[in-house]
Amino acid sequence: MQLTLWTYEGPSHIGAIRVAAAMTGVHFVLHAPQGDSYADLLFTMIERGQKRPPVTYTSFQGRELATNTSELFKTAARDAIERYKPQALLVGSSCTAELIQDDTGGLARAMNLPIPVVPVELSAFMRKENWGANETFYQLVRALAGPHVPPPGTPRPARAPGQRPRCNLLGATSLGFRHRDDVTEIARLLDRIGIDVNVAAPLGASPADLARLGDADFNVVLYPEVAGAAAEWLKRSFGQPAVTTVPLGIGATLDFIREVATLAGIDPAQALAHVPSRLPWYSRSVDSNYLTGKRVFVFGDATHAIGAARVAAKELGFTVVGLGTYSREQARDVREAAKLYGIEALITDDYLEVEAKVAEAQPDLVLGTQMERHVAKRLGVPCAVISAPVHVQDFPARYAPQLGFEGANVLFDTWIHPLMMGLEEHLLTMFRHDFEFHEEAAPSHLGRGAAQAAERPADPVAVAAAPAVVTDTSGPVSAPVATGEIVPVWTADAEKELLKVPFFVRGKARRNTERFARERGLAQITVEALYDAKANVGR
Amino acid sequence: MGCDDSAVLRERGQREVFCGLAPIVWLHRKIQDAFFLVVGSRTCAHLIQSAAGVMIFAEPRFATAIIEERDLAGRADANAELDRIVTRLLERRPDIKMLFLVGSCPSEVIKLDLDLAADRLMRTVGTGVRIVHFSGSGLETTFSQGEDACLTALVPHLPAAEAGAGRSLLVVGSLAEVVEGQLQRLLEGLGIERVRFFPPRSSDDLPPVGPDTVVLLAHPFLATTARSLEARGATRVSAPFPLGAEGTTLWLKAAADAFGVAPERFEAVTAPAAARAKMALDRYREELSGKKIFFFPDSQIEIPLARFLSRELGMELAEVGTPYLNRQMIAPELALLPSGTRLSEGQDLERQLDRCRADHPDLVVCGLGLANPFEAEGIATKWSIELLFTPIQGYDQAGDLAELFARPLLRRSRLVELAPCN
Ligand code: SF4
């Protein structure tokens, strides 16, 4: 058993629904008790879906357990086909149904349905959301493209003369972090360099589209979490190589173009010569000097965390002081990436552990999920969101991809915005005794109340689900801090000196000095100790 | 007037409702020194997280002990694992005075005995902590029935009322603080001095119960709690529920009658508040009167709401769905519904959606999963969950309650320059 206060990933069947809901012409019959239908609200409220996801929940009840849950499943499957007329039927079990051991795949097959039936085993007590999406997409691809696999050893047919190379764009799902816009952006990028998209899937694809995945020359895997297994299978079955560089940031996008061009057999020179993004110039502009060495803590799904760390370090000049993921399946890749920055990766799905590590690292900026946004807020550190799990705010009305050149623009804006603007920072320091720059005068772009908000101990936020709840959020009961060490005391002079430190770094200065004093076993913090600490810790 | 049995449509099929775990979202805020530990799966954890709409508290007072493969395969002893988790939790949170072990579908199917676990843990780790089990499993409970199960589990822990202490009134069901205050003032005004609310805000303030206790339910979904209180000698008085001016008056009247309050006094105490409520309702009558409303089943408060909207605001009832129709609890409400109202119990989602579309209602009351799809079809909706998270009971909330239904319609009348959706 595992104690969980909050989870980054939902259960594996949520991953399956994300794939089904992304596609057209697929219906998912999920053997599950009534309460599991809550999943619908994620799609209709967070993503603002105009339709319910294509799922029928069998809604079995306690008194049916001993008798006829399998009949119930069959009726549900039959009714769903009649009503929705899908091209393919996905069937599976949620956690409770897995325990009652109805073989949904077997039951559905025995019904001799007129359409392909794709059973998926979701291992609810072992696996989580991303794994479920990956497995479901793989099973759908195998079932639908499988009949078109050429005999082993068949060479790939050569492209007709004059025909542009084609690739599949794999991995985007419903409830993915900016997946919708990423697909548009990368399809445009490919078009510009002379490559057509054969099929983009799961998002926007039908079962018939999956059946013709084999027509492409190669695959582009946008999110390995979702499309990894399917891409592997396509490689084995159709001999399609896969591009695995995720084009997050300028450097990765350029790598991506080179990789794609090699596979497509085209010359990338032109595409590489012109970079339609403002990030390179903005990052070189003198104003960005203040970004140098900002300490950044990165946490998210593996794809976004690895990509974000690269952009942070190599395109914005930050120092990566933390890198981690909740995706255990990709832990190895994240560990490798962390080595590049001389740090150890944090692999955990316990947000309290992430919080502790963030606090310890004392970053200037956190790039994380909605959870880290809360953690950062509690710690008074700026934060930008880079990864799922998603929140209604992660579906902006405007076009806001993360990938490709436009994605790089979006990254620059969204990451830099929460930081103190360079000039503003200098001015605040220079004029800190001016009445307008008193303690609460947070940078204008953070809006009124930013300073107070940072101090609030508990900060529940509403997903779209139930904003009403948020009105009633008195403070939580916090756990007592383990004590036992000496707590150094500030002398009056040192306190006064501390006030001369600009307020937006004062908290950090206080923490650093106290830590320094504790490490040295100092009972008192004097002005001397304050400056000793400054010299030792640096900025 | 009056609705009888014959009109009830009983349905069985796909359901679109929460399970009994969802009330933890409000119960944990109500009983402020209690912790709710669900023993279940990742699904259960995700459900509460999603239903709450609350991403996280610094230290939330609910959590899930997620059953894993090794617990099922016998590689770990589920009971020992649970003990380990509870011990750690209580060490970490010395502020917790009451721990609820909440059963789920998975814990029920694998037959994990949480009653036994609660007893065992009380003996081993429970110094000063009361450990109580109830089930919120979707196999047995629908949404608000989770509160019924929770309160039922607390009934044996209520102290016995002292003999000869005199009669007292016990208001059962969680209410917002502001509502409790208002009702308490009214009841005291009637001369009913000993009024207690259940559940209490603090677990060491459990109200006493005994033969001198008069029970008045604040919500219709508390049938089992009522029965357990009766088993401890209490007397339940039956009444419509305190929604709207009329509902609140009839509810107070039931209490007044049980305590022999003189009609003049009742009139003097309630009339000003009732008049205020009616005035507040007048503002919304024009908007709502004659509009057709359709209720999807959710929390069992659909029937009292329908009664309020039809009688006090002149709305037309297309269908009133309820997950479960407890005839005994709801009889005074049914008597007030227009005769021939189409009631449905249980759910067959797709069929109900068909009926709803055919009815062309002006407003649909439904869960979060259905609301946006209806809006996209051009049908205005009211989220049912808001009716549980917002103070709506009593005279001084009657206007707010009406406003919740009027707002979606008013909003539509303002948005006159929008292009069609894409
Ligand atoms: S319906 Fe059952 S399995 Fe699903 S969330 Fe509720 S208790 Fe857990």
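Values in this text are rule-based calculations from the coordinates and carry no lab data. Only a predicted model underlies this, so the values are computations on that prediction, with no experimental measurement involved. Heads up, the Cβs are rebuilt from the backbone with ideal geometry, glycines too, and the neighbour counts pull from every protein chain shown.
A few points about this structure:
- The Cα-based radius of gyration and maximum Cα-Cα distance (Dmax) for the range B:168-265 are 12.6, 38 Å.
- Across peptide B:8-20, the mean count of Cβ atoms from other chains lying within 10 Å of each residue's own Cβ comes to 5.
- Label-point gap, in nm, between residue B:418 and residue A:495 - each point 7 angstrom along Cα→Cβ: 5.5
- A simple charge model with +1 on the Cβ of Lys and Arg, -1 on the Cβ of Asp and Glu and nothing else charged puts the dipole of chain B at about 340 debye relative to its Cα centre.
- Averaging the sequence gap over all C-alpha pairs within less than 8 Å and six or more residues apart, then dividing by the number of residues, gives the range A:489-538 a relative contact order of 47 percent.
- Where labels lie 7 Å past Cα in the beta-carbon direction, separation of residue B:76 and residue B:157 in nm: 2.6
- Between residue A:83 and residue A:398, the C-beta separation translates, for a Förster distance of 45 Å, into a calculated FRET efficiency of about 0.80.
- Ordering A:128-139, A:158-169, A:10-21, A:80-91 by mean Cβ neighbour count within 10 Å, with the highest value first, yields A:10-21, A:128-139, A:80-91, A:158-169.
- For the range B:23-141, the percent of C-alpha pairs falling in each 5 Å distance bin, counted from 0 to the bin holding the largest distance, reads 2, 11, 23, 25, 21, 13, 4, 0.
- For the range A:279-419: span of alpha carbons on each principal axis (Å, largest first): 37, 34, 29
- Alpha-carbon centroids, the range B:157-233 and the range B:13-90: separation in whole Å: 28
- For the range B:355-422 and the range A:285-303, distance of Cα centres in Å: 44
- Ascending count of other beta-carbon atoms within 10 Å, so fewest first, for A:296, B:172: B:172, A:296
- Inter-chain Cβ neighbour count for A:56-62, averaged per residue, equals 6 (cutoff 10 Å, partner chain atoms only).
- Cα shape, the range A:489-538, gyration tensor, a/c 1.5 rule: oblate
- Here is the list for the range B:183-261: trypsin sites (Lys or Arg not before Pro) lying in DSSP coil, each with at most 16 other C-beta atoms within 10 angstrom of its C-beta, are B:201.
- Rounded to the nearest 20, the size of the Cβ-charge dipole of the protein assembly as shown about its Cα centre is 1200 debye, with Lys and Arg at +1 and Asp and Glu at -1.
- For chain A, the C-alpha radius of gyration sits at 1.09 times the compact-globule guess of 2.2 N^0.38 Å, with N the residue count.
- Where a label projected 7 Å from the Cα of residue B:9 along Cα→Cβ would reach, residues of the range B:278-308 with amide N under 14 Å: B:293-297
- Separation in nanometres of the label points that stand 7 Å from Cα toward Cβ, at residue B:231 and residue B:115: 0.9
- Expected 222 nm ellipticity per residue - DSSP helices of 4 or more, -39500 (n - 2.57), all of the protein assembly as shown, to 500: -13000 deg cm²/dmol
- Gyration tensor (alpha-carbon) shape descriptor, chain B, a/c threshold 1.5: oblate
- Within 10 Å of each Cβ in B:365-376, the average number of Cβ atoms from other chains: 6
- Which of B:157, B:46 has the fewest Cβ neighbours within 10 Å, and the rest in rising order: B:157, B:46
- In chain B, Cα pairs under 8 Å separated by at least six residues give a relative contact order of 18 percent.
- For the range A:12-147, the square roots a ≥ b ≥ c of the C-alpha gyration tensor eigenvalues yield an a/c under 1.5, which makes the shape rounded.
- Here the residues B:264, B:417, B:287, ranked from fewest to most Cβ neighbours within 10 Å of their Cβ, fall in the order B:417, B:264, B:287.
- The mean sequence separation of alpha-carbon pairs under 8 Å and at least six residues apart, normalised by the residue count of chain A, gives a relative contact order of 12 percent.
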